[in-house]
Each structure stands twice: as structure tokens, then as C-alpha cells.
């Protein structure tokens, strides 16, 4: 059943309902009709028997009965299916009127002084299985002798008539069922047309035509929700595709620079004989470019893997300030060379993957160092809250323009497209920070005043100690 | 020390052979899994460097069959750094792995670590030229003069002197000294080396800490060769 089409399923169901209804109606009507007919015939038999008994009671003897045969028979003349038999109590036949030529069996007779009612009717099958109904009664003649009056009716005509009706009902009902199947198939097909329209619309949507949408106006109210949900899904897919496309383009673009450097420098070096130290310089420069490419690939793979649902986080609870101190020490030399001071404030326990925590803070700190002018300081803060912990990285510097604040965490986003030192940063550092925070169910945010303080804040929600947890 | 390299990519195999031979190893190359397995089982090698992506019989198959017969150290190279791949390699009996592309000095360091039998000896005193390092008391003297180092600078110097004559990559240094196991875009290590060098080498004619451009850093007496 589950493999049948919706159309066929609905049609079958509808046909089933129609069939059941017709069967019930047909049965009830046929039953009522046959009951009605039999009741009428039964009443006729009973009335005839009553009349006959009344007439017989006024007759003197057997001879009179024979004499008045015509009068008695006239009571059953109207219906050719009726038969009449009058016998003496000894069993001698006085009158035997039998147009249907079907013998009347010996019926149990109603006593002469008892009212004849339909309940006394008896049924049997006569020759050739013809259904018969009949009734018998005793009557006392004036001379005191008793006679038995039997009235019977052959029901074959009625049976035939009902048979005709029955077959008529069957045929009509059958025809109605067939019409119902055809009509329901057609109507359901019509009713389901909006689904096919949606399917047609969906068929037209390809990676090249992701902007196409399902036409909601063509859908009936019941399908609006489905169509809107599909359209919302398409929008998300389109955005994902766009991002991916942008990402691929940016990546290819960023890979070009180091490759162009390697190729160009190597070609220039090969164009004429060089000293050994020149060759060494070239090779070392090539290795540096390779490192750059490797780092870029590593970052891109990290971002790609972080999106996989199987990415495993090894979260533990640890002291954030201790980690900040360690990271601060790592950058100490670099900061000192740039005349920048790193200070750490606050205490908090963080529930995070230690490796990723270090990576996120390091990326922010490296970023801060890049933009902090000499003589300023970078402040790392750890703040505990009831739901988790926040780590802040604050520095003074040129700040981030309001237009860039929302985009700064996007992959390959650089505030200054023509920045000359793009080689030193892959443009993925902050995207990695954002991804790490998403993996932790936390948040990365930034506040900045142009020419003032810039604060990046990472919020880590607290959680229960578990050795490993899957993303989402 | 005899090494076997199983690597189908000719360029990779060639530079590995050259580099390892220049580092004092005897090297054989097999360019497919079947030959590699045959050599590994028939000959006596001290270590096998095994590429995972091989035609016909892949690296996992080779590793599995080597392990059925022999217990030589196997270092596998893979371009796919999926966690499952690494886990699989280690479960099959690989001793260590490197993800392509890797720094040659890193490979050299891993090979030396695997070939070193037993745990490294903890030395109490290191003397290189006129440099004296008291590991227990964490004190350093150059030409008899006390040199004050921060704890991290001391760790860095200790690492370089423990691996005297070995080139250490930036990644190795960051990992060992600061426990930072990811590549950062910054020149933190370069700066740290510069600062250490200022304390150790400045004012001395014989330089100890040398930069090998593009590869890393090495501590040895005189010019590195």
C-alpha cells in the first residue's frame, strides 16, 4: 500500500467508501421492497381464507359446498397464482382449484373459531422448488360437518420480480462504482495538480539556477507551508552555494600569489647563471612560500572539517587565566619587539577544547598585535558569568570601521583589499575563531571605536565535564 | 642505518632519498606496494617510510603484512589528514605519521626519534663549546659568564642543545617550547630565537645559534654544514 501513488490510494479509498455505501443502501432497499411485497401477498392470502371461512359457515352441507364452488372460487380468481382446496374432514376433496398446478401440501389448519392471522402462514417449496405460502382453516358447516379450507400462493412470480430487482441493483451499483473510480481518479488528479506544479518548479532548480523559486501563488492554502519551507531551504542552499563559490574564488586567488612568487622568482633565477648564495636565497624563499600555501590549506581544511558533524571536541574545564598567561608568554617576544605590552586580568574557569581555545585566542592576539601601535598595550581578560565565561582581547589602534564590523569574521575578509602584507595573514584567522566558537556553542563578537579601543570577546558556555562531545 | 622508502611519486622519493642519504642514512626506494613489501620482508632495514597512497597494494596493506612478520618501526606518510586515517594507520601498527606536505626537518626528527632506542637520557649538564647548561638548576653560562634567561628562553635553548646539529622547524619549536600545536601566521619563533641569540651569541666571535633559511634553526659550534 505504501508504494502506491497518492492518486491511486485516494481513488481506492474513495471507491471503497462508495462501494460500502451502495451495498448498504442496495441491501436496505431490496430488503424493504421484498418485505413489502411479501406482506401484501400474505395479507391477500389471509383475507381470502377469512372470506372463505365466512362463506362456508353459511353453507348447509358438502353438497352445498360443491354447489357453490364458483362463488367460493371467485374469491381467489383475481390472482392467478392463488390456489384453493376444500376437503371434508375425512380428506375427500370438495373443491380443488389450482391454476398454478402446484399441489398444496397438508397444512396445519387454524381452528374454526380462531381468528386467522398472518402468523399462521406456512411456507414450503413445491414441485420444481417453487416457493409457496399458504394457510389452512377449519370451518363448520350448518349440518355440523367440518371442512378444511386451504389457500396457497405460488411465490415464483414474486421471486422472479425480486430477482430482476436484485440484478438491477447490482448493475446500477456496479456502474456507480465504476463511475466513482473514474471520476475520483480524474478529480484527485486535478486536486493534486498543485503538487505536480511544485515538482515542475523544483525540477527547474539546478546549481546554475539556484535563484529560481517555487511559485507559491499557484499552490493551494494547504501547500503554502510546504512551498514556503522549500523556498526557505532553497534560499539557505543558495546562500551556502554563494558562500562556497566566493570562498573557492578567494582561495584560488590567494593561492595565486605564493605560486606566482615561486614561479616568477625561479624563472628569473634560471634566466642566467647565479651564485650559490643567490640560489640558496631563492630556494629558501620558495620554502617560505610553500609554508604559506601549506598554512592556507591547513586553515581551509580545518574550516571544512569543523563543518562536518563528526568533528570531535575534547572539552574539559580548565583555568582560563593560566592558559592566557601561557599564550601571553608565547607572544611576549613578538609584542616586546613591537613595543607592545600584554597584560592579563581576571579569573574564570572555561569549558572548552584546550587546543582550540589556544588557537582562537592566539589568532585574536596575533591580529591585535598586527594593529596595535608601539607604546600601547593589549589586555587579555577572563570574566566568569553564571552561564559561562568570556575572554576579551582588547587593544588600542586604528579600530574597525562600522561597515567592516559585521563582516570581519567572514572568510578571506580583509578590511583593506590592497593591504601589502596580506602574505603574513591568510585572511582566515578570524573565520577560524568564529568557527571554533560555533563548535563550542558560544559566540565571537567585536566592539570597536574608530581610532579607539577594539575589543574582541569570546563567550564559552559552561557545561558538564565530558571527555568528548560531538558538534550539535 | 638502513631505511626503506616506499613511495610511488618519483619526485618525492628522489628528494627523500637524497635528503636522508645526506643526513647519513643508507636508503632504498620501492615505487610500489608489492616491491616495498618484498624488500621490507627480505632485507634488514632499521625503519620503513611508507606512503599510504600506493598503486596495487596500498600502504595499509603493506603495513598489515609487514606487521605479520616483522616489528621494524614504520612511519607512514599521508596526504589525507582525516582523524580516521591516522587512527587506522596507528592501529595497524604504524609507529608515527606525517601529513603531506611536511617539512623535511620534521621527517628527519621523527625518523631519529623512532630510531633512538629507549627513552632519551636526561642529561644534567650540557656543554657545547664554551656554552654550559646546568639542566637541574636551569643556569646557563657562556664563556664563564652567567646568562639570564626567561623560563621559555631556557626551554628553547635546552631543546636546541639537546638536538645539537639537528635543524628544528618553527612548528617543532612552537610545539615543544610553548605547547602550541598549530601553525600560526606569526613570526613568534623567529623573534624568540632572535632574542635568545642576542643573549647567547652577541659579543662572541663563535656563533652557536644558526638560522637555516626556509628550514629552521640549529645549534652547533661554527658554521652549519
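Numbers for the structure displayed
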| item | result |
| --- | --- |
| Test: residue in region B:111-125 that is surrounded by 19 or more Cβ atoms within 10 Å (Cβ to Cβ) and out of contact with any helix residue (DSSP H, G or I) (no Cβ under 7 Å at 6 or more places or on another chain) | yes |
| Qualifying residue in region A:142-150 (condition: at pLDDT below 85 and crowded, with 18+ Cβ neighbours inside 10 Å) | no |
| Top-ranked residue in region A:389-408 [being at pLDDT 90 or above and within 48 Å of the chain's Cα centre (by Cα); ranked as surrounded by the most Cβ atoms within 10 Å (Cβ to Cβ)] | A:391 |
| Residues of region A:306-326 that turn out to be within 8 Å of chain B (Cβ to nearest Cβ) and not in a strand (DSSP E or B), as a count | 1 |
| Selection count, region A:151-165, where residues are assigned to a helix (DSSP H, G or I), crowded, with 16+ Cβ neighbours inside 10 Å and in contact with a helix residue (DSSP H, G or I) (Cβ under 8 Å, 6 or more places away or on another chain) | 3 |
| Options B:141, B:164; residue that is surrounded by fewer than 18 Cβ atoms within 10 Å (Cβ to Cβ), without any contact (Cβ under 8 Å) to a residue 24 or more places away in the chain and more than 14 Å from chain A (Cβ to nearest Cβ) | B:141 |
| Cβ pairs under 8 Å, 6+ apart, first in region A:74-91 and within 19 Å of residue A:62 (Cα to Cα) and not assigned by TED's automatic domain parsing to the domain that holds residue A:106, second assigned to a loop (DSSP other than H, G, I, E, B) and at pLDDT below 80 | none |
| Qualifying residue in region A:234-256 (condition: outside any helix (DSSP H, G or I) and either surrounded by fewer than 16 Cβ atoms within 10 Å (Cβ to Cβ) or in contact with a helix residue (DSSP H, G or I) (Cβ under 9 Å, 6 or more places away or on another chain) (or both)) | no |
| Residue pairs meeting the criteria (Cβ under 6 Å; at least 6 apart or on separate chains; first within 14 Å of chain A (Cβ to nearest Cβ) and free of Cβ contacts under 8 Å to residues at least 24 places away in the same chain, in region B:61-89; second part of a strand (DSSP E or B) and surrounded by 12 or more Cβ atoms within 10 Å (Cβ to Cβ)) | B:81/B:99; B:86/B:97 |
| Wholly enclosed helices (runs of 4 or more DSSP H) of region A:4-78 bearing at least 1 residues at pLDDT 90 or above | A:6-57 |
| Any chance residue A:352 is closer than 17 Å to residue A:442 by Cα, touching a helix residue (DSSP H, G or I) at 6+ places or on another chain (Cβ under 9 Å) and either part of a strand (DSSP E or B) or more than 14 Å from chain B (Cβ to nearest Cβ) (or both) | yes |
| Residue within region B:202-217 that is under 27 Å from residue A:433 (Cβ atoms), within 11 Å of chain A (Cβ to nearest Cβ) and surrounded by 14 or more Cβ atoms within 10 Å (Cβ to Cβ) present | no |
| Subset of region A:277-319 [modelled with pLDDT of 90 or more, in contact with a strand residue (DSSP E or B) (Cβ under 7 Å, 6 or more places away or on another chain) and surrounded by fewer than 17 Cβ atoms within 10 Å (Cβ to Cβ)] | A:317, A:318, A:319 |
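Yes or no, residue by residue, for (1) more than 8 Å from chain A (Cβ to nearest Cβ); (2) buried (at least 21 other Cβ atoms within 10 Å of the Cβ):
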{"residue": "B:145", "(1), (2)": "yes, no"}
{"residue": "B:152", "(1), (2)": "no, no"}
{"residue": "B:169", "(1), (2)": "yes, yes"}
{"residue": "B:180", "(1), (2)": "no, yes"}
{"residue": "B:184", "(1), (2)": "no, yes"}
{"residue": "B:189", "(1), (2)": "yes, yes"}
{"residue": "B:192", "(1), (2)": "no, yes"}
{"residue": "B:196", "(1), (2)": "yes, yes"}
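For every residue, the table says whether it meets (1) over 30 Å from residue B:215 (Cα atoms); (2) away from chain B (no Cβ under 14 Å); (3) modelled with pLDDT of 90 or more.
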residue: A:216; (1), (2), (3): yes, yes, no
residue: A:230; (1), (2), (3): yes, yes, no
residue: A:246; (1), (2), (3): yes, yes, no
residue: A:253; (1), (2), (3): no, yes, no
residue: A:274; (1), (2), (3): no, yes, yes
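Listed here are the residues, each with its yes/no results for (1) under 28 Å from residue A:63 (Cβ atoms); (2) in contact with a strand residue (DSSP E or B) (Cβ under 9 Å, 6 or more places away or on another chain); (3) modelled with pLDDT of 90 or more; (4) loosely packed, with under 14 Cβ neighbours inside 10 Å.
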{"residue": "A:94", "(1), (2), (3), (4)": "yes, yes, no, no"}
{"residue": "A:98", "(1), (2), (3), (4)": "yes, yes, no, no"}
{"residue": "A:101", "(1), (2), (3), (4)": "yes, yes, no, yes"}
{"residue": "A:108", "(1), (2), (3), (4)": "yes, yes, no, yes"}
{"residue": "A:112", "(1), (2), (3), (4)": "yes, yes, no, no"}
{"residue": "A:126", "(1), (2), (3), (4)": "no, yes, no, no"}
{"residue": "A:130", "(1), (2), (3), (4)": "no, yes, no, no"}
{"residue": "A:138", "(1), (2), (3), (4)": "yes, yes, yes, no"}
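The values are calculated or read from the model by the stated rules, or taken from the named source; none is laboratory data. Please read all numbers here as calculations on a predicted model, not as lab measurements. So basically every Cβ, Gly included, is an ideal-geometry build from the backbone, and we count neighbours across all protein chains shown.
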